[in-house]
Amino acid sequence: DVLKGLTTYHKAYLAAFRYPARERMPQIKVPALIMAGESDPPHLIKGTKEMSVLSDLADMIVVGRGPEVKVAAATAFFDKP
């Protein structure tokens, strides 16, 4: 599948980096969970924290490795009253 997208995979990356996330974060009107991985580079974790404070409804957490950790974090977030 990676080879199928060899000539177009960069389009998704470019779209993500061009998206004006800092401008859009304050427009979030529902609770949002923003996750960073503990193995992410420190500057990405810092940037994620900075982004999360732009919305009053965003919770930011740093999670460990593995999908089960992410699922547990998301489940806990969605189960909050």
Practice problem: Within the stretch 23-39, track down each residue that is closer than 26 Å to residue 76 by Cα and open to solvent by 60 Å² or more (accessible area, probe 1.4 Å). | Solution: 24, 26, 27, 29, 30, 31, 35, 38, 39
Practice problem: Would you please name the residue that is most open to solvent (accessible area, probe 1.4 Å), looking only at residues in the stretch 60-70 that are under 23 Å from residue 25 (Cα atoms) and over 11 Å from the mean Cα position of the chain (by Cα)? | Solution: 70
Quiz prompt | Those residues of the stretch 4-22 which are open to solvent by less than 100 Å² (accessible area, probe 1.4 Å) and within 25 Å of residue 49 (Cβ to Cβ), in sequence order | solution = 12, 14, 15, 16, 20, 21
Practice problem: Inspect the stretch 11-22 for any residue being modelled with pLDDT under 95 and touching a helix residue (DSSP H, G or I) at 6+ places or on another chain (Cβ under 8 Å) and give the result as yes or no. | Solution: yes
Quiz item: Within the stretch 33-76, can you find the residues that are of a type outside the set (Gly, Ala, Ser), under 21 Å from residue 19 (Cβ atoms) and free of Cβ contacts under 8 Å to residues at least 24 places away in the same chain?
Solution: 40, 41, 43, 44, 45, 46, 48, 49, 50, 53, 56
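The values are calculated or read from the model by the stated rules, or taken from the named source; none is laboratory data. Computed from a predicted structure; not experimentally measured. When we count neighbours, we look across all protein chains shown, and the Cβ atoms used for this are built from the backbone with ideal geometry, even at glycine. Just the protein is used for accessible areas: all its heavy atoms, side chains included, with ligands, DNA and RNA removed. Shrake-Rupley method; radii C 1.70, N 1.55, O 1.52, S 1.80 Å.
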